[in-house]
Amino acid sequence: MPKAKEFTVTIEDKPGALGKCFLALAERGVNILAFQSYVEEGESLARLLVDDPATANAVLGGLRMIFEETEVAVTRLAHRPGELGRAAARLGEKQINIDYSYCGLEPGSARALVVFGVDNLTSAVNVLDKLAAENA
């Protein structure tokens, strides 16, 4: 999963709104693998990496939510000291800027699923694929 679709969803900044969105996805069998949420300019924004982007798109559209899909670089890292640092450093060595990152877990795996929003997706995927091969 070196490249994946991420959803950035605008959600009302009020109690229960994030839960309503997440439950609607769950009701349709969509599993959230990683997420990040934060408030910016009075709106709650959530970045989601899901196991079924097509269904997530339909659910979010059905809820009339404002969202966009973006391609991101994704890698699986061992859960031990230094792994995240090595991945970020490798991207930096290739002059790839990390705009944001977050992590989650893939079902049935002990590895962290790390998502990088970067300024050069193709190069980032190549760097992270090499890193993953070294740690396989």
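No value in this document is a laboratory result; all are computed from the given coordinates. Predicted, not measured: the structure shown is a model, and the values here were computed from it. Note that each Cβ is placed from the backbone with ideal geometry, even for glycine, and that neighbours are counted across all protein chains shown.
Between 56, 16, 45, the Cα set farthest toward the positive side of the dipole of the chain (charges on each charged residue's Cβ, about the Cα centre) is that of 56.
Local charge sum around residue 131 (other residues, Cβ-Cβ under 12 Å, Lys/Arg +1, Asp/Glu -1)? Kindly include the intermediate steps, with their values, before the conclusion.
Values: positive: 76, 86, 90, 94, 130; negative: 83, 93, 129, 134.
That works out to +1.
Evaluated with a Cβ-only charge set (Lys, Arg +1; Asp, Glu -1), the range 72-134 carries a dipole of roughly 180 debye about its Cα centre, given to the nearest 20.
Helix-only arithmetic for the chain: the sum of -39500 (n - 2.57) across DSSP H runs with n ≥ 4, divided by the residue total, places the mean residue ellipticity at 222 nm at -10500 deg cm²/dmol.
Distance between the 7 Å Cα→Cβ label points at residue 132 and residue 37: 2.8 nm.
Give, in nm to one decimal, the length gained when the segment between residue 54 and residue 98 is fully stretched (0.36 nm per residue of separation minus the Cα-Cα distance). Don't skip to the end; give the middle numbers.
Values: separation 44, 0.36 × 44 = 15.84 nm, distance 2.63 nm.
Length gained, residue 54 through residue 98: 13.2 nm.
Modelled spin labels at residue 28 and residue 5, positioned 7 Å past Cα toward Cβ, are 1.1 nm from each other. The range 1-34 and the range 105-136 have Cα centres lying 21 Å from one another. Taking other Cβ atoms within 10 Å as a rough exposure proxy, 76, 86 sort from fewest to most as 86, 76.
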